[in-house]
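Enquirer: Just passing along the structure, written as structure tokens.
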Amino acid sequence: MTELVDVVCHQCKIKLELLDAPLPREAWWKFLDEHAYHPVELLWEHSEARERIDIDYIYVDSDIEGDPSFAEYAGDWPGRPLALRPRPIARAVAEIVERAFDAMEAHEWQAASADGAVAEQIMRYMDFAPPASELVDNAAVLARLAAVEAALERLRRAAIEPLGDHFGTFLNDVLHALPTAADLPPDELCAESGPLASPRLWDTERALRLIQHLLAARVALREPSPHAD
Ligand SMILES: [Zn+2]
């Protein structure tokens, strides 16, 4: 193939590059088997639908930690049962994040002087990219829940700071879309977990990762740092 072609399932939020080689071909057959009755789309290099793909999508054979290789995807990818479940919280937050990016692109986003510093404070509580395939026990679930709760609390505190209208509205919108601590009872999350993480815990972590991405890319004071520091 001479042009880059990806296939994407918008229901399962997964993207696969079509390559003419043995393992990618096996992965493609798996994809057909798994997503044939889903809203699947072929993406060419300049397809508009690429705009709809965000960092919550799973990219087969990317260098993103936890995303499957072609071989893993074609075979028994251990994260599959969790990664391909619906993520309603992340999807709701993805829409809000996309609106924020759109407003920035259109130069409609009006920042206030406090925004950058508040984003920095939020970022200190945000480091969410646990792979779907990560095995958890109760201690791991509780540690991850504690990190999520700290991030939610930081977002709530940030929302009452004197922020620009756009950032303030953004924080209120994501806080409405995100669960509260009461929606994430530790005993239920532990019961839902094992060997993979609780789906709603992982969904919430993915949602927070989208917020982290927006803040790091556009709102925080410093430039986003490269992976290797
Ligand atoms: Zn699908």
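Enquirer: Scanning for something assigned to a helix (DSSP H, G or I) and either without any contact (Cβ under 8 Å) to a residue 24 or more places away in the chain or more than 24 Å from Glu95 (Cβ to Cβ) (or both), does the range 191-208 turn up at least one residue? Walk me through it before giving the result.
Expert: In the first step, residues of the range 191-208 are kept if they are assigned to a helix (DSSP H, G or I); the result is 191-192, 199-208.
Those still in the list that are either without any contact (Cβ under 8 Å) to a residue 24 or more places away in the chain or more than 24 Å from Glu95 (Cβ to Cβ) (or both) too: 191-192.
Among the residues of the range 191-208, at least one is assigned to a helix (DSSP H, G or I) and either without any contact (Cβ under 8 Å) to a residue 24 or more places away in the chain or more than 24 Å from Glu95 (Cβ to Cβ) (or both), which makes the answer yes.
Enquirer: Out of the range 27-52, which residues are among the hydrophobic types (A, V, I, L, M, F, W, C) and within 11 Å of the ligand (Cβ to nearest atom)? Lay out the reasoning, then the answer.
Expert: Start the filter on the range 27-52 by keeping residues that are among the hydrophobic types (A, V, I, L, M, F, W, C), which leaves 27-29, 31-32, 36, 40, 42-44, 49.
Of everything in the range 27-52, those that are among the hydrophobic types (A, V, I, L, M, F, W, C) and within 11 Å of the ligand (Cβ to nearest atom) turn out to be Phe31, Leu32, Ala36, Val40.
Enquirer: What's the number of the only condition in (1) at pLDDT below 95; (2) of a type in the set (A, V, I, L, M); (3) within 14 Å of the ligand (Cβ to nearest atom); (4) surrounded by 15 or more Cβ atoms within 10 Å (Cβ to Cβ) that Ile55 fails to meet?
Expert: Of (1) at pLDDT below 95; (2) of a type in the set (A, V, I, L, M); (3) within 14 Å of the ligand (Cβ to nearest atom); (4) surrounded by 15 or more Cβ atoms within 10 Å (Cβ to Cβ), only one is false for Ile55: (3).
Enquirer: Given the condition closer than 29 Å to Leu214 by Cα and either out of contact with any helix residue (DSSP H, G or I) (no Cβ under 6 Å at 6 or more places or on another chain) or within 14 Å of the ligand (Cβ to nearest atom) (or both), answer yes or no: does some residue in the range 69-76 qualify?
Expert: Residues of the range 69-76 closer than 29 Å to Leu214 by Cα: 69-70, 73.
With the extra rule that they be either out of contact with any helix residue (DSSP H, G or I) (no Cβ under 6 Å at 6 or more places or on another chain) or within 14 Å of the ligand (Cβ to nearest atom) (or both), the set shrinks to 69, 73.
Yes, the conditions are met somewhere in the range 69-76.
Enquirer: Tell me, which residue of the range 134-182 that is part of a helix (DSSP H, G or I) and of a type in the set (Asp, Glu) is surrounded by the most Cβ atoms within 10 Å (Cβ to Cβ)? Steps first, answer last, please.
Expert: Going residue by residue through the range 134-182, those that are part of a helix (DSSP H, G or I) are 138-159, 165-177, 181-182.
Next, only the ones that are of a type in the set (Asp, Glu) stay: 149, 153, 165, 173.
Details: Glu149: 16, Glu153: 12, Asp165: 11, Asp173: 18.
Among them, the one singled out is Asp173.
Enquirer: In the range 27-39, what residues are surrounded by fewer than 17 Cβ atoms within 10 Å (Cβ to Cβ) and among the hydrophobic types (A, V, I, L, M, F, W, C)?
Expert: Within the range 27-39, Trp29, Leu32, Ala36 meet the criteria.
Enquirer: Now for a different question. Mind checking which pairs have a first residue in the range 40-60 that is in contact (Cβ under 8 Å) with a residue 24 or more places away in the chain and of a type outside the set (A, V, I, L, M) and a second that is assigned to a loop (DSSP other than H, G, I, E, B) and surrounded by fewer than 18 Cβ atoms within 10 Å (Cβ to Cβ), Cβ under 7 Å, 6 or more apart or different chains?
Expert: Going by the 7 Å Cβ cut-off, the qualifying pairs are Glu41/His10; Trp44/Glu3; Trp44/Val5; Glu45/Glu3; Glu45/Leu4.
Enquirer: Take the residues in the range 183-193 that are surrounded by fewer than 18 Cβ atoms within 10 Å (Cβ to Cβ) and within 21 Å of the chain's Cα centre (by Cα), then tell me which one is nearest to Glu153 (Cα to Cα). Steps first, answer last, please.
Expert: Within the range 183-193, the first condition is being surrounded by fewer than 18 Cβ atoms within 10 Å (Cβ to Cβ), and the residues that meet it are 183, 185-188, 191-192.
Going one step further and asking which of them are within 21 Å of the chain's Cα centre (by Cα), we end up with 183, 192.
Numbers: Asp183: 14, Glu192: 23 Å.
Top of the filtered list is Asp183.
Enquirer: Next up: Here are the criteria: (1) modelled with pLDDT under 95; (2) closer than 18 Å to Leu196 by Cβ; (3) surrounded by 14 or more Cβ atoms within 10 Å (Cβ to Cβ). Tell me which single one Phe101 does not satisfy.
Expert: Just one mismatch for Phe101, condition (2).
Enquirer: What residue, of Pro130, Pro24, is surrounded by 16 or more Cβ atoms within 10 Å (Cβ to Cβ), under 22 Å from the mean Cα position of the chain (by Cα) and away from the ligand (no atom under 16 Å from the Cβ)?
Expert: Values: Pro24 fails: under 22 Å from the mean Cα position of the chain (by Cα).
Residue meeting the stated conditions: Pro130.
The values are calculated or read from the model by the stated rules, or taken from the named source; none is laboratory data. On a predicted model such as this, the values are computed, not experimentally measured, just so you know. Neighbour counts are summed over all protein chains in view; Cβ atoms, including those assigned to glycine, are modelled from backbone coordinates with ideal geometry.
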